[in-house]
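The values are calculated or read from the model by the stated rules, or taken from the named source; none is laboratory data. Small disclaimer: the values here were computed from a predicted structure and weren't measured. Counting neighbours? That spans all protein chains shown, and the Cβs are built from the backbone with ideal geometry, glycine included.
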Amino acid sequence: MFSISALLISIGAITALTVVLAIILVVADAFIADYGECKVTVNGKKELTIKGGRTLLSSLMEEEIFIPSACGGRGSCGLCKVKVDSGAGQYLPTELPWISPEEKAENVRLSCQVKVKQDMSIRIPEELFSVKQYKTKVDSIRDLTHDIKEVRFRLPDSQTIDYKAGQFVQILTPEYKLSDEQVFRAYSMSSVPSEKNIIELEIRLVPEGICTTWVHQYLKEGDEVTINGPYGDFFLRDTDRDIICIAGGSGNAPIKSILLDMAEKGNNRKVSYFYGAQAIKDLVLPDEMAAISERLPNYRYIPVLSNPDPDDEWDGETGWVTDAVARHMDGGDNVEAYLCGSPGMIDACIKVLTEQGVPEELIFYDKFA
């Protein structure tokens, strides 16, 4: 009869052996396997010849086909989805948390996790063919709050970018102290689409965040930065419904872009913008966002503080932003909503909006992972 200690030793030995074998397979796949040249057919009409062994995401990027990826290809954002009709192999455990049963039935894969090892056939949205990469220069940097910076990037004189207010771009973070490789990160644009040679972002500092730390501590005016885009389906729908916008932190960026675009175009739909922050020091451009009412006659700006500082002398809305939304709403039959912020905030807002009668299919959102 085996003792408990002997059993534990056996289990430990098997586990160690499994780990070693897994490492050997990874190393062999990375350095020994030679998959040669593979053909990747895109949407049944565009054929690419790609050196095998790399991820589908990076391989497509080399061919100037840019798939959105907010996490830089680490499998932690779920944005880089493509449909793979053949040649991808079995699903990896790193993909499955991001793939719904419906998507799995349609062969949707995470392109950052799928390696090109044989000929493949894939399908991607046609609009991604219009995504371009730009070599920009930092035009200006300014502090919006103690932890959010506005950065304006200028395109070369001969280039312009066409996008819808609310969409996002990816910026390339170079190798530096926190990262031994270049990585892309995604940020919503706060600029107005009519400024075709300017890309403006609002970037909040995340402790130990690779890109946000680089922006806040290393990036300088005049630096050259690679950007690609535009991406995303977060933009104002062409209807006559009343609009409710809800944001927190740097989620102000796409809402600002949408509101300023509406003002430029003379769009007089009724808009209520609820912005949640902890204290006055956390409000992003409160005077500028309030002043939009001078250009949009049916607009109201409602900042909400969850925990004002003692010296804030705040007489506005307090508590959770969702509570303020519920207090100000009078039913949701003729309403569509645009939300931008953390996943927790978005989920709470969807709950209160649906309780007020807003159909879930009319609630559009951009979650920060």
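So for region 155-167 (the condition being within 15 Å of residue 200 (Cβ to Cβ), more than 21 Å from the chain's Cα centre (by Cα) and crowded, with 17+ Cβ neighbours inside 10 Å), does at least one residue qualify? Yes, region 155-167 contains at least one residue that is within 15 Å of residue 200 (Cβ to Cβ), more than 21 Å from the chain's Cα centre (by Cα) and crowded, with 17+ Cβ neighbours inside 10 Å.
In the set (1) free of Cβ contacts under 8 Å to residues at least 40 places away in the same chain; (2) assigned by TED's automatic domain parsing to the domain that holds residue 68; (3) not small (Gly, Ala, Ser), residue 117 fails one condition alone, (1). Against the conditions (1) free of Cβ contacts under 8 Å to residues at least 24 places away in the same chain; (2) more than 30 Å from residue 278 (Cβ to Cβ), residue 177 satisfies every one except (2).
Taking residue 366 as meeting all but one of (1) outside any helix (DSSP H, G or I); (2) over 24 Å from residue 70 (Cβ atoms), write down the number of the exception. Unmet for residue 366, out of (1) outside any helix (DSSP H, G or I); (2) over 24 Å from residue 70 (Cβ atoms): (2).
A single entry from 359, 343, 308 fulfils the requirement of being touching an Asp or Glu at 6+ places or on another chain (Cβ under 9 Å) and either acidic (Asp, Glu) or without any contact (Cβ under 8 Å) to a residue 40 or more places away in the chain (or both): 359. Screening residue 348 on (1) part of a helix (DSSP H, G or I); (2) in contact with a Pro (Cβ under 7 Å, 6 or more places away or on another chain) shows it passes everything except condition (2).
Within region 238-253, no residue satisfies the criterion of being without any contact (Cβ under 8 Å) to a residue 40 or more places away in the chain and either buried (at least 24 other Cβ atoms within 10 Å of the Cβ) or of a type in the set (Phe, Trp, Tyr) (or both). Number of residues in region 272-292 that are farther than 21 Å from residue 150 by Cβ and either assigned by TED's automatic domain parsing to the domain that holds residue 204 or more than 24 Å from the chain's Cα centre (by Cα) (or both): the value is 0.
Residue by residue, here is whether (1) more than 20 Å from residue 41 (Cα to Cα); (2) in a loop (DSSP other than H, G, I, E, B) holds:
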site	(1), (2)
66	no, yes
71	yes, yes
78	yes, yes
94	yes, yes
113	no, yes
137	yes, no
141	yes, no
151	yes, no
156	yes, yes
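I'd like to check something: does region 312-324 contain any residue that is within 20 Å of residue 143 (Cα to Cα) and either in the same structural domain as residue 192 (by TED's automatic domain parsing) or not in a strand (DSSP E or B) (or both)? Yes, region 312-324 has at least one match. Inside region 75-121, residues that are surrounded by fewer than 17 Cβ atoms within 10 Å (Cβ to Cβ) and either within 22 Å of residue 34 (Cβ to Cβ) or aromatic (Phe, Trp, Tyr) (or both) make up a count of 7.
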